[in-house]
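Below you'll find the structure, written out as structure tokens, and then a few comments.
The values are calculated or read from the model by the stated rules, or taken from the named source; none is laboratory data. Note that the structure is a prediction, hence the values are computed from the model and not measured. Don't worry about glycine lacking a Cβ; one is built from the backbone with ideal geometry, like all the others, and counts go over all protein chains shown.
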Amino acid sequence: MSYKIVAENCTACGACEFECPNSAIKMKGDVFIIDPNSCTECDGQFDEPQCAAICPMPDTCIPA
Amino acid sequence: MSQLIHIQPLESKGGIPSPRPQTEGCASSACGKMSDAHGLADDIWEKVKDHPCYSEEAHQYFARMHVAVAPACNIQCNYCNRKYDCANESRPGVVSERLTPEQALRKVIAVANEVSQLSVLGIAGPGDACYDWEKTKETFEEVAKVIPDVKFCLSTNGLALADCIDDIAKMNIDHVTLTINMVDPEIGAKIYPWIFFNNKRWTGIEASRILHERQMLALELLKERGILTKVNSVMIPDINDTHLLEVNRVVKEKGAFLHNIMPLISDPAHGTHFGLTGQREPSHQELMALQNQLADGTKLMRHCRQCRADAIGLLGEDRGQAFSMDKIPETLEYNPANRASYREIVAQERGEHLQQKKSAERKLAELEAKPTILAAVVSKQGGRINQHFGHAQEFQIYEVSPYGVKFISHRKIPLYCAEGNGDDQRLDNIITALEGIQAVLCARIGDCPREKLEKAGIEVNVAYAHDWIESGLSSWYAARFSKENRRIA
């Protein structure tokens with residue numbers, strides 16, 4: 001149960017990094033990646049996964 | 001000659017010689033009451049006089065730089081595409097490289113050492129400066145330690161401003177620009193597909209209702225703290241164009257100091273929603289008509305160049321690419337000498353400029369009732385008619401009448417002279433951009449473009465080359481219309 005970031009869409013704005021309540025998102029190279037071990041899909045924390053809710057690019061933060 | 005007139009960044013201690021003998025009495029900005037001269041209260045003038053974006057007069061002398069440290073944004077606008085970045089593209093939200101606060105500090109020092117006109121450091125994204133607050137804040141804090149006299153400003157959509165208002169006030173950020181495109185959520189829904197607020201993505205009218213309420217709150221908080229606020233509005237034909245009259249009324253009432261109407265940029269190549277759906281941009285004429293409707297009783301900014309989130313230099317230019325991070329050394333020290341001596345020169349130039357403006361006004365006031373006309377000036381800045389027509393990338397449009405000389409807007413044009421040759425296609429585009437303009441005043445012009453302009457019914461005049469803009473325009477106007485008088489008589 002985890003989200004992932006579609007690298008080719010990522011603008012590397014970093015909004016997901018600081019919205020993530022689990023510190024699961026880090027910069028790797030030019031884009032951000034989600035650590036599947038830390039990601040909870042925000043279940044029980046928020047109504048929707050925060051990375052997907054803030055991401056400016058459609059279909060970029062999606063279920064892995 | 002142009003060296004004399006254009007206030008170049010200082011390369012030597014000698015500065016620039018005065019282009020003409022000093023007029024009697026006034027050699028510094030201490031002359032006269034500034035509040036009279038600029039139509040602003042003294043305390044406001046003190047805040048804006050060196051800020052190129054807030055003062056039409058200051059933009060002729062001072063430069064700004066934006067550092068792109070805040071890439072994250074909390075709303076989506078239909079005129080923005082965050083993926084798109086092109087080094088030739090000039091519009092807000094666009095950058096070529098994003099910086100960490102530490103890199104930003106090095107860049108600011110490098111620019112301050114080279115660009116003596118630098119007076120303002122702004123953070124305008126490319127996302128939202130208040131939403132991406134930690135990076136914005138760290139950047140300002142680091143720069144303030146090294147260059148304490150640079151002014152700070154930031155630009156935001158206002159949604160997150162309330163969260164950082166205490167920091168803003170504490171850090172002496174005394175200029176904030178809010179982009180407000182509507183005061184009616186129904187209209188907002190056509191501009192903003194979504195916002196992110198309180199850990200939730202909101203869409204539709206609800207999103208715009210929240211954004212509107214937060215923007216109004218932002219205006220109130222800024223007013224309460226005495227922070228000078230400019231409102232930017234993007235004019236979108238058939239969506240918010242007529243509504244901007246209402247926006248103007250509301251933001252003025254809530255204490256905004258300046259209102260800046262910017263035309264929508266919707267080139268399909270940018271891949272924005274508006275670009276892809278064929279939403280058209282307003283014409284020069286439509287923009288001017290709207291600005292004229294708003295001109296009564298409010299300060300309207302007309303000299304905005306819609307610059308990039310990493311722009312560097314005077315408003316008409318962008319030297320950002322000359323200062324990319326790969327050109328900036330790892331360690332460097334700030335040298336305040338250039339900026340200090342430039343300020344002395346500006347103080348002197350300003351004094352003279354003010355005198356010239358006043359005598360231009362007197363000259364015009366003596367004329368009997370005469371038409372109000374629009375004229376285009378070609379200027380490399382510094383407030384003078386000092387550029388070759390073929391080198392111009394914009395016209396500065398002025399309204400001239402017996403009531404005075406008033407700056408109206410700038411119009412971007414393609415460079416006529418490229419690689420030493422004029423280009424006919426570009427000249428046609430330039431003539432199109434001169435719609436409604438009676439005359440062009442420039443420092444020099446080739447015979448060929450002169451003939452074509454005259455054929456198109458546009459008068460060309462180089463008699464006031466290197467003169468102050470107001471003085472040149474008023475002399476031209478007085479001569480032009482008294483000549484007509486004689487002919488009639």
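Quick check on this structure: which one of B:PRO193, B:PRO126 is at pLDDT 95 or above, in the same structural domain as B:ASP43 (by TED's automatic domain parsing) and under 22 Å from A:GLY14 (Cβ atoms)?
B:PRO193
What do you reckon, is B:PHE152 assigned to a helix (DSSP H, G or I), more than 14 Å from every other protein chain (Cβ to nearest Cβ) and either surrounded by fewer than 24 Cβ atoms within 10 Å (Cβ to Cβ) or touching a strand residue (DSSP E or B) at 6+ places or on another chain (Cβ under 8 Å) (or both)?
Here the answer is no, as B:PHE152 does not meet what is asked.
Which count do you get for residues in the stretch B:389-446 that are closer than 18 Å to B:ILE458 by Cβ and among the aromatic types (Phe, Trp, Tyr)?
4
Which of the residues spanning the stretch B:47-57 are closer than 13 Å to B:GLY313 by Cα and surrounded by 23 or more Cβ atoms within 10 Å (Cβ to Cβ)?
B:PRO52, B:CYS53
If you scan the stretch B:355-380, which residues turn out to be within 21 Å of the chain's Cα centre (by Cα) and either buried (at least 21 other Cβ atoms within 10 Å of the Cβ) or among the charged types (D, E, K, R) (or both)?
B:LYS357, B:ALA375, B:ALA376, B:VAL377, B:VAL378, B:SER379, B:LYS380
The rows are residues; the columns are (1) of a type outside the set (Ser, Thr, Tyr); (2) buried (at least 19 other Cβ atoms within 10 Å of the Cβ); (3) outside any helix (DSSP H, G or I).
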| site | (1), (2), (3) |
| --- | --- |
| B:GLU206 | yes, no, no |
| B:ARG209 | yes, no, no |
| B:LYS223 | yes, no, no |
| B:ASN232 | yes, yes, yes |
| B:ASN240 | yes, yes, yes |
| B:VAL247 | yes, yes, no |
| B:LYS252 | yes, no, no |
| B:GLY275 | yes, yes, no |
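With the condition being among the acidic types (Asp, Glu), in contact (Cβ under 8 Å) with a residue 40 or more places away in the chain and on the phi > 0 side of the Ramachandran plot, I'd like the strands (runs of 3 or more DSSP E) fully within the stretch B:380-489 carrying at least 2 qualifying residues.
In the stretch B:380-489, there are no strands (runs of 3 or more DSSP E) which contain 2 or more residues that are among the acidic types (Asp, Glu), in contact (Cβ under 8 Å) with a residue 40 or more places away in the chain and on the phi > 0 side of the Ramachandran plot.
Kindly indicate whether any position in the stretch B:337-358 is in a loop (DSSP other than H, G, I, E, B) and not assigned by TED's automatic domain parsing to the domain that holds B:VAL400.
Scanning the stretch B:337-358 turns up no residue that is in a loop (DSSP other than H, G, I, E, B) and not assigned by TED's automatic domain parsing to the domain that holds B:VAL400.
Are any residues in the stretch A:1-36 touching a residue at least 24 places away in the same chain (Cβ under 8 Å), more than 11 Å from the chain's Cα centre (by Cα), surrounded by fewer than 18 Cβ atoms within 10 Å (Cβ to Cβ) and within 11 Å of another protein chain (Cβ to nearest Cβ), and if so, which ones?
Residue satisfying the conditions is A:ASN9 alone.
Return the residues of the stretch B:110-128 that are away from every other protein chain (no Cβ under 13 Å) and outside any helix (DSSP H, G or I); say none if nothing qualifies. It would help to see each step written out before you state the result.
Applying the first criterion (away from every other protein chain (no Cβ under 13 Å)) to the stretch B:110-128 yields B:110-124.
Hits for the stretch B:110-128 are B:VAL115, B:SER116, B:GLN117, B:LEU118, B:SER119, B:VAL120, B:LEU121, B:GLY122, B:ILE123, B:ALA124.
Collect the residues in the stretch B:136-146 that are surrounded by fewer than 24 Cβ atoms within 10 Å (Cβ to Cβ) and out of contact with any Phe, Trp or Tyr (no Cβ under 6 Å at 6 or more places or on another chain), keeping them in residue-number order.
Listed by number, the residues that qualify are B:LYS137, B:GLU138, B:GLU141, B:GLU142, B:VAL143, B:ALA144, B:LYS145.
Among the residues of the stretch B:303-320, is any aliphatic (A, V, I, L, M) and either surrounded by fewer than 18 Cβ atoms within 10 Å (Cβ to Cβ) or assigned to a helix (DSSP H, G or I) (or both)? Walk me through it before giving the result.
Filtering the stretch B:303-320 for residues aliphatic (A, V, I, L, M) gives B:309, B:311-312, B:314-315.
Filter once more, so that each one left must be either surrounded by fewer than 18 Cβ atoms within 10 Å (Cβ to Cβ) or assigned to a helix (DSSP H, G or I) (or both): none.
The answer is no, given that none of the residues of the stretch B:303-320 is aliphatic (A, V, I, L, M) and either surrounded by fewer than 18 Cβ atoms within 10 Å (Cβ to Cβ) or assigned to a helix (DSSP H, G or I) (or both).
Could you check how many residues of the stretch B:155-209 are out of contact with any strand residue (DSSP E or B) (no Cβ under 8 Å at 6 or more places or on another chain), within 13 Å of chain A (Cβ to nearest Cβ) and small (Gly, Ala, Ser)?
Matching residues across the stretch B:155-209 total 1.
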